[in-house]
Amino acid sequence: MAQTIDGTAIAAAVRADVAEGAAAFRAQHGRAPALRVVLVGDHPASQSYVRAKARAAGEAGIDAETLARPADLSQADLLALIAGLNADDAVDGILVQLPLADAVDEGAVIRAIDPAKDVDGFHPENVGRLVLGEPTLEPCTPAGIVEMLRRSGVETAGAHAVVLGRSNIVGKPMASLLLRRGIDATVTVCHSRTRDLAEITRQADVLIAAIGRAEFVTADMVRPGATVIDVGINRVEDATRERGYRLVGDVDFQAVSEVAGAITPVPGGVGPMTIAMLLQNTLEAARRRAR
Ligand code: GUN
C-alpha cells in the first residue's frame, strides 16, 4: 500500500511559516502584505477556490480582499481594474481567477498584471524567468508540488518525472521547475496526442497527472513504488451526496494506491498546497517590493 502524502498537513506547515513572515513584515513596514483576488462571474468552482484563497490569506495575516465582478464585465473594464491595482502601492499581489469568459482575451489580461505583483506567476516575463532558472514568482500549483515532494523526502535528482498535461497553469511550468538546478529531474511531458502513453507513464519515478479527466490514471499505468501526484479536481455526479457530486482526481486513487509507493489524495493533496504557495508568493512579492 502506498504512503498517502498529506497535502493538508504540509500546507499547514507552509502557512505557519508564511504567517510568521507576514507578522514580521507587518512589524517592520506598518502594514500587512496585501493580496487582491479578482473574480469575474459566478463559475461555481472558481467561487469556491477564491473563497478558500481569501480565507487562508486572512488566517496567515495577509490583508486579502476579493473583488467580485459580474460575468458580463468587459475586457476594457477588467484591464482598468488591473491598472488600478498595479498603481496602488499598498497592493503586493494580484490574482485574476481563471478561466475567464470566452469573450475575454486571457493572455491580454495576464500581460496587464505588473510582473512584480503577479503572484500566480503567469505573466510571460515571469514564465521566461522560470524557464531561464532565474528567481521569480513561481506558479502556485507546480511550486506546491515541488514543496510537497521536498518535505516528503521524495528524491527528484536524476529521477524520471513524467508530467501528464501541457497546460500553462500546471503542465508546462511543472516541467520547467522540475528541470531547475537543485531539483534536477529528467522530464517527459505527455498530452492528449501522446502515443503509447501507458508505456511512458510506467517509466515514471514521479508521475504528475494534470489533465482534468476523472480517474484517468489506472494501476496498470504506474510503476510499482512510484510517487504519484494527482493535480485533478473533477466533479462526478453522486446521488448519495447531499450536494449531488463528489470530487475525484485524475488518478484512480483506490487502485493506484495498491501499486504506488506514495500518492496524493483528492481532496487534501495538491489543492491545499496551491493555496499555501499563493500565500508564500504574496509574502515574497511584498518583501521584494519593499526592498
Ligand atoms: N484556475 C485554476 N487554477 C488557477 C490558479 O492557480 N490561478 C488562477 N488565477 N486561476 C486558476
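Miscellaneous remarks
- Qualifying residues in segment 255-287 (those that are assigned to a helix (DSSP H, G or I) and among the charged types (D, E, K, R)) - the one nearest to the ligand (Cβ to nearest atom): 284
- Check on residue 68, more than 13 Å from the ligand (Cβ to nearest atom), in contact (Cβ under 8 Å) with a residue 24 or more places away in the chain and assigned to a loop (DSSP other than H, G, I, E, B): no
- Residue check for residue 126: closer than 27 Å to residue 32 by Cα and within 16 Å of the chain's Cα centre (by Cα): yes
- In segment 18-39, the count of residues that are among the hydrophobic types (A, V, I, L, M, F, W, C), in contact with a Ser or Thr (Cβ under 6 Å, 6 or more places away or on another chain) and in a helix (DSSP H, G or I) is zero.
- Condition check for residue 23: modelled with pLDDT of 95 or more, more than 14 Å from the ligand (Cβ to nearest atom), small (Gly, Ala, Ser) and within 24 Å of residue 134 (Cβ to Cβ): no
- Hey, residue 86 touching a strand residue (DSSP E or B) at 6+ places or on another chain (Cβ under 8 Å), in contact (Cβ under 8 Å) with a residue 24 or more places away in the chain and assigned to a helix (DSSP H, G or I) or not: yes
- Residue 237 vs. criteria among the acidic types (Asp, Glu) and either under 24 Å from residue 1 (Cβ atoms) or within 16 Å of the ligand (Cβ to nearest atom) (or both): no
- Whenever a residue of segment 1-20 is more than 19 Å from residue 61 (Cα to Cα), its partners that are among the small types (Gly, Ala, Ser) and in a helix (DSSP H, G or I), lying with C-beta atoms within less than 7 angstrom and at least six residues away or across chains, give the pairs 1/257; 2/257; 7/271.
The values are calculated or read from the model by the stated rules, or taken from the named source; none is laboratory data. Only a predicted model underlies this, so the values are computations on that prediction, with no experimental measurement involved. So basically every Cβ, Gly included, is an ideal-geometry build from the backbone, and we count neighbours across all protein chains shown.
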